[in-house]
1. So what are the three principal axis dimensions of region 157-245 from its Cα atoms, in whole Å, longest to shortest?
2. Each label point is 7 Å from the Cα along the Cα-to-Cβ direction; what then is the distance between the points at GLU237 and GLU311, in nm?
3. Hand me the GluC sites (Glu not before Pro) from region 197-254 located in a DSSP loop with no more than 13 other Cβ atoms within 10 Å, in residue order please.
4. Could you calculate the contour length gain from ALA302 to ARG32, that is, 0.36 nm times the residue separation minus the distance between their Cα atoms, to one decimal place in nm?
5. For the residue pair THR253 and ASP216, what label-to-label distance in nm results when each label sits 7 Å from Cα along the Cα-to-beta-carbon direction?
Amino acid sequence: MFRNLSFAAKLMLVLALTVLIAVGATAFWVNRAVSRGLHDYITVTMRPQAMVVAAAIGESYAASGNWDEADALLEAAEEWLTAAPAGRGMGRMMPAVPRESVALVVVDASGRVVADSSDEHLGQRFGPDLLRQGHGITVNGRTVGHLLTVFGPREREFAQRLNRSIMFAGGIAGLFALVLGLLLTESLARPLRAVRDAARRIGAGELSVRVPLRSDDEVGDVAEAFNQMAAGLEHNEQQRRTMMADIAHELRTPLAVIRGQVEALEDGVFPLDHDNLAPIRDQSLLLARLVDDLRDLALAEAGRLPLECSEVDLLGLVQRVAAAFRPHAHGKGITLTIDEPSHESATAPSPRTRGESQDSGARVGGEGAVSMPPMWADAQRVEQILANLLSNAIRHTPEGGRVAITLSAQADQVRLRVQDSGPGIPPEDLPHIFDRFYRSDKARSRAEGGTGLGLSIARRLAQAHGGDIAAASTPGLGATFTVVLPVAGCGQRGDADPRR
């Protein structure tokens, strides 16, 4: 039943029930308190008179042995009590009491009403609680009945007026509360409806939809969080479309070359020899490298890239990779060097610090050289990181330039810097240098066979080891890429092939 109600209807129903319960409880307890107070006041005020009347009724009962004279005595007692300015009775002074204020009731020992000045309670039975509030009628030391003072017509009318006043005031307050509740409900429901409508439009593909922010409370926080989510979805969708377009573009060029070369061979334009098959082979290798790069990047971004951890000699690994790239560098007239390993203080800047401390992990040899601490990492992936950075540096360094690799160590991490003397990275391109398929010099990079994924893959591989890569550059003075890797990058010593 309530499940099908709207949020506004549920809130209004709760407010209405709350008001109803509050007014009813207030009326009940106020009426109870006022009634008890009035009764206690009358009982205390009438105590001296009641004692006189009770004694007279007791004498009548002792003489006759029944309650036949009780009604007459109660009528006479009312005359005595309501005489003005003061009645005299049985030799005592008694203050005047309005006739309509109280009624006198006589009950026997069993609690049954045997006499009533108002004739409203005859034949009824009163409980022990009411009997204890009365005055005992005793004969020869034995309680034969009780004299009770109860509300008269005036007190009952007063209680009724009080109840009506409480209900009227409660109704006004409840109506006012419901109006305020309606306004509050509308102020809450309106932004929620806006979020609902925006969510439906986003589900339909309108990712540019945003919810207007109208408040700084929790509802406003929900709207702001929704807008951030929508912006993230829009950004991701834009990246997906851009990536698909980039992939299609990267695949189109080698496929076009392969297709054109094959058609020329089929038509007899080119003879079928080694020189004419070479472009097909080169473009096939480029396609294979692009597919492999896309696979590695997809696995790394999904956190499913397998890492085969083992103890790695980073200095030896760097020397092997540098030796493999040195002929290519020399062919372009570029000097490729490895600077001596050094140790750094814990305050040295890094793209991501992970528990940096003093350089106790590096030790100085007899000739002043620093040996690198052994790492726990995936050697093949670390080689891939360095190979991508060196390939990028050599590609962007002009003839006669220099590419330098620098190693440094700290207690629980190592740093690897690749610095070139190329033209550098423009400031507007630096924040996007690790984006997929991003090229600061698109024409030259594509002409030299770059896929635009190398830096993205290198960073994802570093992050898979618990590290990161940062880029810094000054236009005209080259670029520097700094890799920070923890010593225990992808597992602990003794782990067998941990995978992420």
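1. So the extents along the principal axes, rounded to whole Å, are 88, 23, 14.
2. 5.3 nm
3. Details: sites: GLU206, GLU218, GLU224, GLU234, GLU237, GLU250; in loops: GLU206.
Hits after loop and neighbour filter: GLU206.
4. Going from the current span to full extension adds 90.2 nm.
5. Distance between the two pseudo-spin positions: 5.2 nm.
Bear in mind these aren't lab numbers, they're just calculated from the coordinates by the rules spelled out. None of these values were measured; they are calculated from a predicted model. Neighbour counts are summed over all protein chains in view; Cβ atoms, including those assigned to glycine, are modelled from backbone coordinates with ideal geometry.
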